[in-house]
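**Student:** Below you will find the structure I want to go over with you.
The values are calculated or read from the model by the stated rules, or taken from the named source; none is laboratory data. Keep in mind the model is a prediction, meaning the values are calculated, not measured. Using ideal geometry, Cβ is built from the backbone for each residue, glycine included, and neighbour counts are taken over all protein chains shown. Ligands, DNA and RNA are stripped out before the accessible areas are found, and what is left, the full protein with its side chains, is counted by its heavy atoms. Shrake-Rupley method; radii C 1.70, N 1.55, O 1.52, S 1.80 Å.
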Amino acid sequence: MKLRLHNYWRSSASHRVRIALGLKQLAYEYVVVDIIAPGGGQQKTAEYRAKNPMQQVPTLEVIEDGGAVHFLQQSLPIIEFLDESFPGPQLLPVDPYPRARARALAEIVNSGIQPLQNLSVTKRVKQLGGDDAQWARDFIRPGLEAFSALVAETAGRFCVGDEPTIADCCLVPQIHSARRFGASLDGLDRIVRIADECDALPAFANALPARQPDARAA
């Protein structure tokens, strides 16, 4: 089986999947989708829209040994597919309660924070005369406070116990986005510590935006 990840270096959703691929120690081909290219971004092309009708990144292309090709969209289902399809560390805990908590933490980021700081949203806020960075900060800080409150019940070395899970795959890119938008992390020491510890691991370090082949000065 061959994997191709269609993604963008600074997309936090792409970042999550790169982390998961690293944790599972899976080789993959990195395919650049420049979402800020002239003309609205490469995700707007007919070719890419056929792979991902939402015109978003990432998309995981899975090429089976027999030649069948599948395109998987949305970061969390992609991560769950990787967890269910390949050996290696479990990104979703086996026990039902911690498994549900890991998913809930991931969804706080995936549903409650990231869509509101997404490029298409912040561009529209600017078009309407708003402060896009302040807009993002107003959602990032409360979301991370909620994340921190839930993590207090399950944290070990990582968000849910002592092994990285889907929750850590989501937390780390969100902490990086918080810093990029200038959101306050004061008082969120536990999740900042977890994110920093994650970034010291090869799977997380290799997934950092600045280390991707399409990274550019920002």
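**Student:** What percentage of the solvent-accessible surface of the stretch 14-112, computed with a 1.4 Å probe over protein heavy atoms, is contributed by carbon and sulfur atoms?
**Tutor:** The C+S portion of the solvent-accessible surface of the stretch 14-112 is 56 percent.
**Student:** If you place +1 on the Cβ of every Lys and Arg, -1 on the Cβ of every Asp and Glu, and leave all else neutral, what size is the dipole of the chain about its Cα centre, to the nearest 20 Debye?
**Tutor:** In debye, rounded to 20, the chain gives about 680.
**Student:** May I pose another question? Given the DSSP H assignment, sum -39500 (n - 2.57) over each helix run of at least 4 residues in the chain and divide by its residue total; what's the result at 222 nm in deg cm²/dmol, nearest 500?
**Tutor:** So the calculated ellipticity at 222 nm is -15500 deg cm²/dmol.
**Student:** Compute the separation of the alpha-carbon centres of the stretch 49-70 and the stretch 149-185 and state it in Å as a whole number.
**Tutor:** Measuring centre to centre over Cα atoms gives 28 Å.
**Student:** Let me ask something else about it. Residues of the stretch 34-50 with backbone nitrogen within less than 15 Å of a virtual label 7 Å along the Cα-to-Cβ line of VAL69, please, listed as ranges.
**Tutor:** Hits in the stretch 34-50 for VAL69 at 15 Å: 46-50.
**Student:** What Kirkwood radius, in Å to one decimal, follows from the Cα pairs of the stretch 32-95?
**Tutor:** Working: mean 1/r = 0.0745 Å⁻¹.
One over the average 1/r among Cα pairs gives 13.4 Å for the stretch 32-95.
**Student:** Along the principal axes of its C-alpha atoms, what lengths does the chain span, in descending order and rounded to whole Å?
**Tutor:** Computed over the chain, the largest-to-smallest principal extents equal 48, 46, 28 Å.
**Student:** Can you give the Rg to Rh ratio of the stretch 120-218, both from alpha-carbon atoms, with Rh computed by the Kirkwood formula?
**Tutor:** Checking Rg against Rh, the ratio lands at 1.01.
**Student:** Mind checking which lysines have their Cα closer than 23 Å to the Cα of LYS24? Skip sequence neighbours fewer than 8 apart in that chain.
**Tutor:** List returned: LYS2.
**Student:** Here is a further query. Ordering SER148, SER85 by accessible area with a probe of 1.4 Å, largest first, what comes out?
**Tutor:** Ranked list, largest accessible area first: SER85, SER148.
**Student:** Ok, one more. How long is the stretch 1-62 along each principal axis, judged by its Cα atoms, biggest number first, in Å?
**Tutor:** Reported extents, whole Å, longest axis first: 36, 23, 16.
**Student:** Also, I was wondering about something else. Can you tell me the accessible area per residue over the stretch 1-108, all protein chains present, probe 1.4 angstrom, in square angstrom?
**Tutor:** It amounts to 47 Å² per residue over the stretch 1-108.
**Student:** From the mean inverse distance of alpha carbon pairs (Kirkwood) and the Cα radius of gyration, derive Rg over Rh for the stretch 163-218.
**Tutor:** Reported Rg/Rh (Cα atoms, Kirkwood Rh): 0.97.
**Student:** Would you calculate the convex hull of the Cα atoms in the stretch 64-189 and tell me its volume per residue in Å³? Intermediate values should be presented prior to the final figure.
**Tutor:** On the way: hull volume 15.0 nm³, N = 126.
It comes to 119 Å³ per residue, whole-number rounded.
**Student:** Running a GNM on the chain with Cα contacts under 10 Å, which residue among ALA178, ALA104, ALA152 ends up with the highest mean-square fluctuation?
**Tutor:** With Cα springs under 10 Å in the chain, the top fluctuation among ALA178, ALA104, ALA152 is at ALA152.
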